[in-house]
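Participant: This structure is in structure tokens; I'll ask about it shortly.
The values are calculated or read from the model by the stated rules, or taken from the named source; none is laboratory data. From a predicted model like this one, the values you see are computed outputs, not experimental measurements. Here the Cβ is made from the backbone with ideal geometry for all residues, glycine too, and neighbour counts use every protein chain on show.
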Amino acid sequence: MDLKDIRLDNLSRPFKHALLAGLIVCLAVVFYIYFMKDLIRERDALEVETVNLETSVAKMTAVESQLKEFEQELAHLKKYLADLRSILPAQKETPTVLRSVQHMAVSSNLKILKFSPKPVITRDFYSDWPIDIEVQGNYNGLGTFFEKIGGATRIIDVGTISIQHIEGSTDPKLTLKARCTATTFVYKEDQPDPAGNDASGTKEKTP
């Protein structure tokens, strides 16, 4: 058959369909190579970036949640520390506490015979500071003294109490002699020992 005689009208219907299908496939390949291929790559890159961003957002959300928990815990610890400081004197405040105990004894009509701070017992974040006290007075005054100590803002624990009746006393205000140990709990700070000892354990002189 002469090529000049080949016309579309002369082709059979199946061949026309096959030719049209081949043409469509060729156009689809050309379209994919020059257009769709880059778009698909860009889409895949965007999908990967989206997954990475979602992962980062999930991590940041988890961190933010933990941060809020940490902030709440920090606020709780700060409040706890403030509460402790309100009832535990700092070492630099121990002279004030000492004078307060002395004032409570005197205002309870007790005569102070002995007021002797003992060595500090160190704990984790506070120290026990025992003070041996010996007073003269009567039962009412002693009861008032213990009541004032119990109502003090600072924690002061009174223990090892011994009471001795004063024989032959005609003064109703001096009917007994009492000994006790009053222990206050001192919040630890970078201050000298409240009993008057420096870092080496040497007794410091009070001016």
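Participant: Kindly list the number of the only condition in (1) outside any helix (DSSP H, G or I); (2) modelled with pLDDT of 85 or more; (3) not basic (Lys, Arg) that fails for SER100.
Facilitator: Of everything listed in (1) outside any helix (DSSP H, G or I); (2) modelled with pLDDT of 85 or more; (3) not basic (Lys, Arg), SER100 misses just condition (1).
Participant: Next up: Could you list, in sequence order, the residues of the range 161-181 that are in contact (Cβ under 8 Å) with a residue 40 or more places away in the chain and in contact with a Leu (Cβ under 6 Å, 6 or more places away or on another chain)?
Facilitator: Within the range 161-181, just ALA178 meets the criteria.
Participant: Take the range 138-163 and flag every residue that is under 14 Å from LEU110 (Cβ atoms) and assigned to a strand (DSSP E or B). Please lay out each step first, then the result.
Facilitator: Filtering the range 138-163 down to residues under 14 Å from LEU110 (Cβ atoms) leaves 138-149, 158, 161, 163.
Of everything in the range 138-163, those that are under 14 Å from LEU110 (Cβ atoms) and assigned to a strand (DSSP E or B) turn out to be VAL158, ILE161, ILE163.
Participant: In addition: Somewhere in the range 129-149, is a residue buried (at least 17 other Cβ atoms within 10 Å of the Cβ), among the hydrophobic types (A, V, I, L, M, F, W, C) and within 29 Å of the chain's Cα centre (by Cα)?
Facilitator: yes
Participant: Go through (1) of a type in the set (S, T, N, Q); (2) outside any strand (DSSP E or B); (3) on the phi < 0 side of the Ramachandran plot; (4) in contact (Cβ under 8 Å) with a residue 24 or more places away in the chain and name the single condition THR184 misses.
Facilitator: That leaves (2) as the condition not met.
Participant: Going residue by residue through the range 187-199, is there one that turns out to be modelled with pLDDT of 85 or more, closer than 27 Å to LEU81 by Cα and surrounded by 14 or more Cβ atoms within 10 Å (Cβ to Cβ)?
Facilitator: no
Participant: Being in a helix (DSSP H, G or I) and either in the same structural domain as ASP124 (by TED's automatic domain parsing) or more than 30 Å from TYR126 (Cβ to Cβ) (or both) narrows it down to one residue among LEU81, LEU46; which is it? Quick ask: steps written out before the conclusion?
Facilitator: On the way: LEU81 fails: either in the same structural domain as ASP124 (by TED's automatic domain parsing) or more than 30 Å from TYR126 (Cβ to Cβ) (or both).
Within the list LEU81, LEU46, the selection yields LEU46.
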